[in-house]
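Below is one structure, written out as structure tokens, with a few remarks after it.
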Amino acid sequence: MANWVAEMPTRATDLPEVRRAIELSTEVPGIMLGTRHFWKYFMGKTEVAPGLFVIQTVFGPVVGGESDMSPQGGKLSHSLAAVGKTCVDQMPPSNTIEEFWSLESIGIKENPAADDDQIAINQLETSITQDDEGRYSVSWLWREPRAPLPSNYRMAFSRLCSTYSSLHRSADLLGKYNKVFLDYLKQGIIEPAKRNTEGQEHYLAHHAVITHKIRPVFDASAHPRGQPSLNDCLLRGPVLLPELVGLLIRFRLPKYVAISDIESAFLMVGLHPSDREFAKFLWVKDISRRPEGENIQYYRFARVAFGVICSPYLLAGVIRHHLGKYGKGVAAELANSLYVDNLHLGAETWPELLDKCQRAKEIFSEARMNLREFSSNSRELMRAIPEKDRLDSKEPKVLGMRWNTQVDTLSFLLPKEGIKSNTSRRAVLSSLAGIYDPLGLLSPSILPAKLFFQKLWDEGRDWDSPLSEEESSVWEQFLKGWRDSNISLPRRALSTSTDKIELHTFVDASSCAYAAAIYLRGVNKNTVTTSLIFSKNRLKPKKGGKTLTIPRMELIAILIGVRATAYIEKEIGVPLAEIHLWSDSQIALSWVKSSQNQPTFVQRRLDEIKKYVNITFHYVRTDENPADLATRGLTPQELNQSQLWWSGPKWLAQGRANWPQDPTFDSFNLIENETEEIYTDQILSLPVQVTSRESHQLLNRSSSWSKSRRIMIYILRFIKVILGIKGAPTIGLKSVSENGPPTAADITLAERYLIKWEQRECSEELQKYKHITDDQEIASTG
């Protein structure tokens with residue numbers, strides 16, 4: 001009976017009458033609703049076949065009635081809940097907000113390493129081996145103490161049924177998906193397996209993703225309710241990737257550059273046999289038959305599967321270990337030029353670059369890794385590369401940016417869609433998050449749209465509520481500006497063969513934002529060239545923002561300017577003769593140049609700014625300050641034509657005699673007894689007891705239940721750590737993990753706190769209903 005229940009959602013989706021009536025999505029049932037409660041949520045029904053109904057409920061459509069769905073072939077009365085998209089889509093796309101703001105923080109915010117990194121490093125060093133053919137093998141990076149990993153066969157089988165049902169509608173897609181596994185089997189990437197009913201085993205759920213070709217994506221985070229996933233039991237490992245922004249900047253410096261990638265990189269690293277039982281998956285033997293009984297095919301990975309939390313570190317660690325055999329020079333250059341499986345090389349002559357490409361291919365081949373799909377701005381080099389190793393594209397992507405190899409330019413991908421009648425706050429966020437600009441070079445043209453989204457956020461409306469007519473008109477203007485623009489810039493920012501290279505950072509702040517724009521200045525005997533290489537702007541924070549005066553905002557701009565400057569200095573890879581920072585705020589500059597003690601807010605920021613002793617500070621007029629453009633905004637068309645933005649003020653490309661003269665700064669003080677407000681990274685107090693009102697605010701301001709739960713987990717972790725430091729008892733928080741991915745226990749406890757505090761907020765309303773309270777003080781109606 002239990003096996004048949006697990007199959008029921010898939011069987012329901014196979015009914016053509018149901019597929020025509022509603023949009024279906026197969027999921028593992030998360031809650032059982034008794035018939036005594038069902039009629040509270042009933043909204044109507046439609047008969048789609050004799051005896052078979054689609055019943056509308058507040059949760060979404062429910063399939064119910066009588067049909068030939070019994071495994072024994074008889075009729076059976078049943079009801080199957082299929083929660084509609086209206087429920088699922090209340091949340092924005094996974095991690096969209098986090099991804100959007102993490103890109104905003106590149107270069108101006110620290111990225112702390114995980115505490116478990118050293119354990120992961122030690123485990124990799126002890127497990128890594130190389131066979132006679134050159135292939136490396138590793139083990140999973142298990143957390144200690146190693147928790148028992150449950151078999152998740154039932155969940156994996158349910159996901160298999162869902163995947164098969166989706167692909168079965170297209171014989172072509174199903175055949176191609178099956179061929180991927182047959183190719184994996186032929187290449188030794190996977191191997192046949194058996195059901196392990198006595199020892200430990202764990203399955204990876206998978207589904208199809210279609211881009212230019214179909215491929216399987218494996219989910220190591222899937223887990224049965226209340227039990228850990230494979231990812232929960234593994235360490236992530238340190239991030240060994242070079243900084244993406246640094247790699248992009250270095251890519252803009254050599255005269256000749258080339259890109260390439262490692263073919264199926266993750267699948268080129270072997271997995272030790274002892275860990276293969278924890279990387280099994282299910283498929284079918286005969287794709288023309290349903291996934292049941294003898295038609296179930298068991299496989300397990302013999303290589304490292306993409307989708308497992310430690311896979312990126314295992315790949316990077318193996319490559320770093322391998323490169324270490326070839327001397328520090330070669331190893332360092334290749335390691336700093338490799339982003340996951342994409343290699344970026346540069347040189348001042350094409351023969352030198354060709355030599356680097358050939359040497360790199362040879363080195364990786366000795367680890368059974370194939371470097372292929374080369375592309376370059378040098379036609380001579382491309383003719384020297386074997387045809388089978390060339391990328392057949394004149395506009396490949398380089399770390400998310402489009403590169404035209406013929407004219408050697410980089411261009412940006414901006415949203416091109418038109419506005420729809422039901423455009424919502426979700427759609428606005430999706431468009432903004434889709435603008436990929438890690439270097440911040442489009443900052444002025446993105447600022448107005450960011451301010452628009454901030455206004456929508458402040459209104460606190462539902463994610464899917466349509467924009468008003470006025471808001472839609474404003475948003476359409478943004479989209480039209482992006483559609484009509486085609487912004488590109490020379491790939492090469494500056495010749496590295498100049499006599500000396502300087503870094504010039506311009507900063508500014510307005511009533512709504514602060515920004516920094518960084519330029520390279522190359523000086524030769526007779527010429528000076530300048531080029532924008534990096535920029536960042538941030539909106540004025542909502543918390544504490546009312547007390548942030550313009551001078552304070554200007555000081556914050558200087559702070560992010562020096563942080564960004566230090567970041568570029570570290571990443572650029574060429575010696576810098578001089579570093580200068582320019583601001584149009586005489587007040588903020590007077591604080592920086594003064595030795596007087598200032599009120600707390602100002603002094604804390606000055607203490608960090610003054611650590612950067614190699615930076616010379618200057619005054620610049622507002623109309624000559626390119627950072628001003630990033631604090632008030634430009635249309636894409638204006639940005640494309642702005643010489644001030646792309647090259648800096650005219651005098652920057654002239655001799656020092658033409659630079660602005662610094663005024664004599666007066667000493668500016670803030671009013672005495674000024675109180676320090678909470679702002680960004682400052683934590684002034686710890687409310688160990690969170691009130692129900694604060695919990696209610698958290699739920700209202702979060703875009704999804706999962707995000708509220710995740711925030712609560714970090715709150716509980718923080719409280720536990722602080723109580724531990726103070727030696728206070730941590731009753732009720734003992735099961736909370738202090739780092740790493742959230743565990744099942746973390747999730748359960750966070751949900752309990754959120755529910756408990758929300759019920760306290762609604763206690764008067766709750767008293768109207770009959771209910772019982774469990775030992776966790778959580779009420780439920782009966």
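The values are calculated or read from the model by the stated rules, or taken from the named source; none is laboratory data. Quick caveat, the model's predicted, so the values are computed rather than measured. No Cβ is skipped: glycine too gets one built from the backbone with ideal geometry, and neighbour counts run over all protein chains shown.
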Hey, among the residues in the stretch 247-264 that are crowded, with 21+ Cβ neighbours inside 10 Å and either in the same structural domain as Glu571 (by TED's automatic domain parsing) or over 26 Å from the mean Cα position of the chain (by Cα) (or both), which one's farthest from Glu362 (Cα to Cα)?
Leu253
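Let's see how each residue does on (1) within 22 Å of Arg236 (Cα to Cα); (2) not assigned by TED's automatic domain parsing to the domain that holds Phe301; (3) not in a strand (DSSP E or B):
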position: Ser137; (1), (2), (3): yes, no, no
position: Arg159; (1), (2), (3): no, no, yes
position: Ser166; (1), (2), (3): no, no, yes
position: Leu173; (1), (2), (3): no, no, yes
position: Asn178; (1), (2), (3): no, no, yes
position: Tyr184; (1), (2), (3): no, no, yes
position: Ser221; (1), (2), (3): yes, no, yes
Identify, please: which residue in the stretch 304-329 is under 12 Å from Ile121 (Cα atoms) and aliphatic (A, V, I, L, M) and is, among those, surrounded by the fewest Cβ atoms within 10 Å (Cβ to Cβ)?
Ala316
If you go through the stretch 484-494 one residue at a time, how many are within 9 Å of Pro636 (Cβ to Cβ) and surrounded by 14 or more Cβ atoms within 10 Å (Cβ to Cβ)?
2
Taking the stretch 381-398 and keeping residues touching a strand residue (DSSP E or B) at 6+ places or on another chain (Cβ under 9 Å), touching a residue at least 12 places away in the same chain (Cβ under 8 Å) and either over 14 Å from Tyr256 (Cα atoms) or surrounded by fewer than 16 Cβ atoms within 10 Å (Cβ to Cβ) (or both) leaves Ile385, Lys388, Asp389, Arg390, Leu391, Ser393, Lys394, Pro396, Val398
Might you let me know whether the stretch 710-733 holds any residue that is within 31 Å of the chain's Cα centre (by Cα) and at pLDDT below 75?
no
In the list Ala588, Ala627, which residue meets the criterion of being among the hydrophobic types (A, V, I, L, M, F, W, C) and more than 28 Å from Asn486 (Cβ to Cβ)?
Ala588
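Each row is one residue, and each column tells you yes or no for (1) touching a strand residue (DSSP E or B) at 6+ places or on another chain (Cβ under 8 Å); (2) modelled with pLDDT under 95; (3) more than 26 Å from Tyr164 (Cα to Cα).
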position	(1), (2), (3)
His206	yes, no, no
Lys213	no, yes, no
His223	no, yes, no
Ser229	no, yes, no
Asp232	no, yes, yes
Leu240	no, yes, yes
Leu247	yes, no, yes
Filtered residues of the stretch 460-476 (kept if loosely packed, with under 14 Cβ neighbours inside 10 Å and over 26 Å from the mean Cα position of the chain (by Cα)):
Ser468, Glu469, Glu470, Ser473
Could you tell me whether the stretch 385-396 includes any residue that is under 26 Å from the mean Cα position of the chain (by Cα) and either of a type outside the set (S, T, N, Q) or within 30 Å of Leu639 (Cβ to Cβ) (or both)?
yes
I'm trying to understand the selection: among the residues of the stretch 224-258, which are out of contact with any Asp or Glu (no Cβ under 8 Å at 6 or more places or on another chain) and β-branched (Val, Ile, Thr)?
Val239, Val257
Which members of the stretch 411-429 meet the condition of being modelled with pLDDT under 85 and either surrounded by fewer than 19 Cβ atoms within 10 Å (Cβ to Cβ) or of a type in the set (Val, Ile, Thr) (or both)?
Leu413, Pro415, Lys416, Glu417, Gly418, Ile419, Lys420, Ser421, Asn422, Thr423
Lone unmet requirement of (1) closer than 18 Å to Leu447 by Cα; (2) surrounded by 14 or more Cβ atoms within 10 Å (Cβ to Cβ) for Lys542
(2)
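Yes/no matrix, rows are residues, columns are (1) of a type outside the set (S, T, N, Q); (2) in the same structural domain as Glu502 (by TED's automatic domain parsing); (3) in contact with a strand residue (DSSP E or B) (Cβ under 9 Å, 6 or more places away or on another chain):
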position: Ser583; (1), (2), (3): no, yes, yes
position: Gln586; (1), (2), (3): no, yes, yes
position: Lys593; (1), (2), (3): yes, yes, yes
position: Val602; (1), (2), (3): yes, yes, no
position: Leu606; (1), (2), (3): yes, yes, no
position: Thr616; (1), (2), (3): no, yes, yes
position: Asp623; (1), (2), (3): yes, yes, no
position: Gln637; (1), (2), (3): no, yes, no
Just wondering, is there one or more residues in the stretch 302-323 that are in a helix (DSSP H, G or I) and touching a Lys or Arg at 6+ places or on another chain (Cβ under 6 Å)?
no
Could you go through the stretch 680-696 and let me know if any residue there is modelled with pLDDT under 60, of a type in the set (Gly, Ala, Ser), closer than 25 Å to Met553 by Cβ and not in a helix (DSSP H, G or I).
yes
List, please: which pairs have Cβ atoms under 7 Å, are six or more places apart or on different chains, and start with a residue in the stretch 480-495 that is of a type in the set (S, T, N, Q) and end with one that is part of a loop (DSSP other than H, G, I, E, B)?
Ser485/Leu414
Residue in the stretch 503-522 that is touching a strand residue (DSSP E or B) at 6+ places or on another chain (Cβ under 6 Å) and surrounded by fewer than 20 Cβ atoms within 10 Å (Cβ to Cβ) present:
no
Residue pairs meeting the criteria (Cβ under 6 Å; at least 6 apart or on separate chains; first more than 19 Å from Lys542 (Cβ to Cβ), in the stretch 447-468; second surrounded by fewer than 17 Cβ atoms within 10 Å (Cβ to Cβ) and not hydroxyl-bearing (Ser, Thr, Tyr))
Pro466/Asn422
For the stretch 560-632, list the helices (runs of 4 or more DSSP H) that sit wholly inside it and hold at least 3 residues that are more than 26 Å from Arg492 (Cβ to Cβ) and at pLDDT below 95; which are they?
586-593, 600-609
